[in-house]
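Note sheet for the following structure.
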Amino acid sequence: MREKILYALAAIAAALLVYNMNQIFLVLPDEKDQGAIYRIIFIHVPVAFISLLGPFAACVFSLMYLSGKRLQWDRAASSMIEVSWVFATVNLATGMIWARIIWGIWWTWDPRLTSMFTLWLLFGGYLMMRASIQDTNQRARLSAVLNIFAAVNVVIVYKSIEWWRTQHPGPVLTVRDGGGMAPGMEQALWLNFLAFALLAAVIVLVRMRQQSVEQEIEAMRRYAHAL
Amino acid sequence: MRFLRQSWSVAAKDLRSEIRTKEALNASLSFSLVILLLFSFAFDPAAEQIRDFSGGLLWMVFAFAAALILNRSFARELENDCLDMLLASPVPPAALFLGKVSANFVLLMAVELIALPVFGIFYNVNWGMQAASLVLVTALGTWALAVIGTMFSALTVNLRLRELMLPVLVYPMMIPALMASIQLTTDLIAGQPLAGDSFLWLRVLVAFNVIFTALSVVFVDTVLLG
């Protein structure tokens, strides 16, 4: 049953992605100032949303783990961090490509870029720490605490953005009073957010299953060793 | 009251053993002098713009030197199973943690209050104009460094890669506090009083300290005892 849900979700995500790519590349016109490169926003922004949402969702699961000490919550939290870290990497990479063409530079120490980079480093540290702990329960406990600290810090880092001069384009979506995007384009962006969110959910579920199998094998190995 | 007394006895123990050996203190102090020297090769130390990034340089020295002290905070309790004894004693982990934070805070402040005038002499920066405000900002930034550093020292104490993991985890966590401290220190050295925009950064620093001190006190039980 779980497998069927996974396949169904993956199929919906794939179909939606194909539809979106057709919309983005073949249906929507070029933007009047930026030309074709503006299309990167359809990947850059949804991916950024997910990489920012992931740690907070994971933080909830970390708290659940600490209150109940059930390993499945740890698997959920860590899989979410892994996936959002990869999405953050995609966000940074696509942003750099866009910046190279529009700003003429790969990188600038704009606060928004800096805070995304900080987030990337924070959770990179989280993943490194997880990799260095062998004991499953100790790993779960320590990484849950680290995740809570990092998630709280993300808020503080993100807030400090608004207090520094910023070069990054302002909000374009209507939910943040941006209103700077044509309706058709904004719709494509939200649809692509949905597609990427589904994709992220599928990868998280696959990773959770992988980790659960991993832990099962580890337990069997220990049992065999004890015999 | 009892809680404070317990914290105090842990802090006093840490300070006493540090003052007797002076291991971390000497290492941290000489390391900060080495970085101060290295900075003079990285850019023209006689340049006029030095004031614009003096706050940043100073806090980089503080942050790097702090890693040496913080690394040992919990690791030194591993010998002879001292950590297990401390945890088995009637001192609650939160009191143990606050005691260690206070001891680290005192040690870091000692290193910084020596490094600050040395920095002023070598780089011809006049830090004496607003000494009181500068000490306040330094104390707030150092408390942030001590809280995060001690918490992560506890978090990594049983890890194989302890010495490697601590800086990787601590510096990204410290970014908001370091940003605020750097901004404030640069302003103060340039002769601007603590007012207007500076208050915003002061608030960031205070909020950072309050939030993470509270979080650490809550979660240190989980980290040390499980």
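Does any residue of the range B:73-80 turn out to be over 23 Å from the mean Cα position of the chain (by Cα) and in contact (Cβ under 8 Å) with a residue 60 or more places away in the chain? Scanning the range B:73-80 turns up no residue that is over 23 Å from the mean Cα position of the chain (by Cα) and in contact (Cβ under 8 Å) with a residue 60 or more places away in the chain.
Here B:Val210 meets each of (1) within 9 Å of chain A (Cβ to nearest Cβ); (2) of a type in the set (A, V, I, L, M, F, W, C); (3) without any contact (Cβ under 8 Å) to a residue 60 or more places away in the chain with one exception, condition (1). Being of a type outside the set (Phe, Trp, Tyr), at negative phi and either within 7 Å of chain A (Cβ to nearest Cβ) or out of contact with any helix residue (DSSP H, G or I) (no Cβ under 8 Å at 6 or more places or on another chain) (or both) is a property that B:Met151 lacks. Any idea which residue in the range B:52-85 is surrounded by the most Cβ atoms within 10 Å (Cβ to Cβ), counting only those that are under 21 Å from B:Leu166 (Cα atoms) and among the polar types (S, T, N, Q)? Per the stated criteria, the residue is B:Ser73. Considering the range B:146-165 alone, what residues qualify as being among the aliphatic types (A, V, I, L, M) and over 13 Å from the mean Cα position of the chain (by Cα)? Answer for the range B:146-165, where residues must be among the aliphatic types (A, V, I, L, M) and over 13 Å from the mean Cα position of the chain (by Cα): B:Ala154, B:Leu155, B:Val157, B:Leu159, B:Leu161, B:Leu164, B:Met165.
Scanning the range A:30-75 for residues that are over 14 Å from the mean Cα position of the chain (by Cα), among the small types (Gly, Ala, Ser) and surrounded by fewer than 24 Cβ atoms within 10 Å (Cβ to Cβ) yields A:Gly35, A:Ala36, A:Ser67, A:Gly68.
Among the residues of the range A:64-82, those identified as in contact with a helix residue (DSSP H, G or I) (Cβ under 7 Å, 6 or more places away or on another chain) and of a type outside the set (Phe, Trp, Tyr) are A:Met64, A:Leu66, A:Leu71, A:Asp74, A:Arg75, A:Ala76, A:Ala77, A:Ser78, A:Ser79, A:Met80, A:Ile81, A:Glu82. Can you name the residue in the range A:183-227 that is small (Gly, Ala, Ser) and within 16 Å of the chain's Cα centre (by Cα) and, of all such residues, is farthest from A:Gln72 (Cα to Cα)? My answer is A:Ala195.
B:Ala88 passes every criterion in (1) open to solvent by 20 Å² or more (accessible area, probe 1.4 Å); (2) in contact (Cβ under 8 Å) with a residue 24 or more places away in the chain apart from (2). Within the range A:102-110, not a single residue is facing another protein chain (nearest Cβ under 9 Å) and open to solvent by 20 Å² or more (accessible area, probe 1.4 Å).
The values are calculated or read from the model by the stated rules, or taken from the named source; none is laboratory data. Since the model is a prediction, treat every value here as computed from it, not as a measurement. Methodologically, a virtual Cβ is constructed for each residue, glycine included, from the backbone with ideal geometry; neighbour enumeration extends over all protein chains shown. These accessible areas exclude ligands, DNA and RNA; they are computed on the full protein's heavy atoms, side chains included. Shrake-Rupley method; radii C 1.70, N 1.55, O 1.52, S 1.80 Å.
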